[in-house]
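Just so you know, all these numbers are worked out from the coordinates, no wet-lab data involved. The structure presented is a predicted model; accordingly, all values stated were derived computationally and were not measured. Quick reminder, even Gly has a Cβ in these numbers, built from the backbone with ideal geometry, and neighbours come from all protein chains shown.
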Protein chains: 2
Amino acid sequence: MRDCILAVDIGGTKVLAGILSRDGRILVSRKEPVCAIGCPEEVLKQIFRMFQQMMNTIGINSQNILGTGVGVPGPLDYVRGVVENSPNLRWLSYPIRDELSKRLGTKLLLDKDTNVAALGEKKYGMSRNCSHFIYITISTGIGGGIVADGKILHGQIGGASELGHMLVAPGGRRCACGRVGCLEAHASGTALSLDAKELIARGKGQNILTFCARGQAPTAYELGLAARQGDAEAIALINRAADYAAIGVANLVNIFNPERIVIGGGVGIGLQDFMLPRIREYVFANVFPLHKRNLAIEATQLGEDIVLLGCASMVLHDQLEE
Amino acid sequence: MRDCILAVDIGGTKVLAGILSRDGRILVSRKEPVCAIGCPEEVLKQIFRMFQQMMNTIGINSQNILGTGVGVPGPLDYVRGVVENSPNLRWLSYPIRDELSKRLGTKLLLDKDTNVAALGEKKYGMSRNCSHFIYITISTGIGGGIVADGKILHGQIGGASELGHMLVAPGGRRCACGRVGCLEAHASGTALSLDAKELIARGKGQNILTFCARGQAPTAYELGLAARQGDAEAIALINRAADYAAIGVANLVNIFNPERIVIGGGVGIGLQDFMLPRIREYVFANVFPLHKRNLAIEATQLGEDIVLLGCASMVLHDQLEE
């Protein structure tokens, strides 16, 4: 019986793959570093091998597979299933949908990882039955998945929801995208690391260094540790990042009038105790009364498996539509 | 035969009403100042009278009416058809859809004026057959209508596309909405008037005053006149407003990946010779390659009748769906 779903979350540094049941349980999963940055063919071989091993582990074969769901970093040409010039993967116009589908011999559903995460949140998270919400991942970068009228917003090619590239700080830091003052350049994990580095370069933040391994620079994680011990400098950096995130969230609430804003990603989840209250306070003070009504701002409960769960959702809903 | 459509664009200061044919021709239209600010019942009587007069003028009666389309300023509870606390109309939770429908005795389609304008642009403008575009009106205020996957984006209650309330200038001017640094506070007609006033209060901008009637302060219109005569101060103010608008447009392109950005509104259309090239230049330099593909940034060709045309579109499409 075809009752298993292959799911893979391809990231800039890691491949997270799993096999899920029809009811969204993760039967088995594996995480490996990406075997060869810049070589999509090698990564596809790696994924194929990971799936083979897991299928052996749980004793299923290709007859049991309903379909495959895949999340990849943007920019993705969703219409053609082609990863464009990806700064994280260092792939250039690679037709991953066709190539991986051919290799696996299953039907394959593909979307940008942040969109897939939003689908996971919609099917298995606290945003079940929610038709209007925005998933924002705060991690190395900042991205999103927008659910409007119950469906993922893709835009004409699939580039929609590049939420990290709203301007929040004119004249601020130059972003990896080339623009100056993007949300991602001021509120991502990368931005927090840079903030800490700049602080320490000015001879400050010495207490924060005590939370780091010798010779290591602080990341968002160590800033969180220091902040929870009351370190005022760490708290100030996190608060500032949260305030930039809050500007972006308020913009989005005014643009989308959603029911929920759902924060995910390592930094968004890891620092939610600091960030969420500040984001909520700013947003509820800075959007229209109509837009505050029935608005919740929360962190996702789904953790690291959110993209795998979204992969299952894509495959299951595709089945429903047939 | 039911082949005429009643259309009305209710603004903060004027009521524009018309009767259109099924093919979108405006058979007759009238514009009047709003008879009583803050009194919805009086305005509804005025609209009823305007329609009666126009029906007499072209010799039709209620048997000829297919339906009525209405555009109102936001915030609008689209689900219930209720104008919320509108700063322009000074109406408070007024159930306009039910009340006006009762009075006119026709089926009535209602939406926020900027959404209706986007529908007009989609059916009768250059954005025909376009499934992903954003209409931005730059006028007294700044608002928008977003077409995603061929449909107006409403959000959960109808508050979506408050595009004037994206933050573009942290620490900037306080907006009528209460937030500091909104697009509307820096790039609207109101903002340009304030910019001019502040310039003149500093003893500058004396040449701009020569374009104004005696004792009148410059508005966007006079700034445009002065700028077209080469006045450097007027050009600088318009350019600055355009640069703020460009920030907002680039954000929206990254968020929606649209095919078209369509600028409308008195200021947007009137100053397009200055504003459009600057907006285009910034946007094409500041969004992702994927997002630039097949992207056009234009002014609408539909002028002041855009909302009436959108009203016709609402009524006609409602008929199609029945």
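Specify the residue with the greatest mean-square fluctuation among A:106, A:219, A:13, computed from a Gaussian network of chain A linking alpha-carbon atoms under 10 Å apart. Of A:106, A:219, A:13, the most mobile in the Gaussian network model is A:13.
Are there any trypsin sites (Lys or Arg not before Pro) in region A:182-264 that are in a DSSP loop and have at most 12 other Cβ atoms within 10 Å? List them by number. Passing sites in region A:182-264 are A:202, A:204, A:214. Partners of residue B:197 within straight-line reach, counting aspartates and glutamates whose Cα lies under 14 Å from its Cα and excluding those fewer than 8 residues away in the same chain: B:222, B:233. Gain on full extension, evaluated as 0.36 nm per residue between residue A:209 and residue A:57 minus their Cα-Cα distance, stands at 50.4 nm. Straight-line cross-link partners of residue B:122 among the aspartates and glutamates, defined as a Cα under 16 Å from its Cα and at least 8 positions apart when in the same chain: B:23, B:111, B:113, B:149, B:259, B:298, B:304, B:305, B:318. Only the Cβ atoms of Lys and Arg (+1) and of Asp and Glu (-1) were treated as charged; on that basis the dipole of chain A about its Cα centre amounts to roughly 220 debye.
Could you give the distance between the Cα centres of region A:9-50 and region A:66-93, to the whole Å? The distance from the Cα centre of region A:9-50 to that of region A:66-93 comes to 14 Å. Axis angle, to the nearest 10 degrees, between helix B:113-124 and the longest C-alpha principal axis of chain B: 80 degrees. Based on Cα contacts under 8 Å between residues 6+ apart, region A:126-301 shows a relative contact order of 23 percent.
Who wins for biggest fluctuation among A:72, A:180, A:82 in a Gaussian network model of chain A, springs between alpha carbons below 10 Å? Result for chain A, Cα springs under 10 Å: A:180 fluctuates most. For residue B:214, the label point sits 7 Å beyond Cα toward Cβ; its separations from the matching points on the remaining copies run 8.6 nm, from shortest to longest. Once you reduce region A:190-228 and region B:105-166 to the center of their Cα atoms, the two points are 46 Å from each other.
Between the beta carbons of residue B:45 and residue A:79, assuming R0 = 56 Å, the FRET efficiency works out to 0.65 to the nearest 0.05.
Helix A:189-201 and the long axis of chain A differ in direction by around 30°, with both axes built from C-alpha atoms. Protection proxy ranking, highest mean first, for peptides A:45-58, B:112-125, B:181-194: B:112-125, B:181-194, A:45-58, where packing is the per-residue count of other beta-carbon atoms within 10 Å, averaged. For chain B, DSSP calls about 55 percent of its internal beta bridges antiparallel. Quick one: angle between helix A:232-256 and the longest Cα principal axis of chain A, in degrees between 0 and 90, rounded to 10, please. The helix A:232-256 is inclined about 60 degrees to chain A. Label-point spacing for residue B:59 across the identical copies (point 7 Å from Cα in the Cβ direction), in nm and ascending order: 8.7. Its Cα centre serving as origin, region B:250-322 has a Cβ charge dipole (Lys and Arg +1, Asp and Glu -1) of approximately 560 debye. Applying a threshold of 18 Å to the alpha-carbon distances of A:45/A:123; A:151/B:123; A:151/B:151; A:45/A:102 flags A:45/A:123; A:151/B:123 as lying beyond it.
Take the Cβ atoms of residue A:225 and residue B:236, set R0 to 51 Å, and the FRET efficiency comes out at 0.55. Remark: spin-label model distance residue B:197-residue B:149 equals 4.4 nm, labels positioned 7 Å along the Cα→Cβ axis.
For chain B, averaging the sequence separation of C-alpha pairs within contact (under 8 Å, six or more residues apart) and dividing by the residue count gives a relative contact order of 19 percent. Between identical copies, the spacing of residue B:22 label points, each set 7 Å from Cα toward the C-beta atom, reads 4.8 nm from nearest to farthest.
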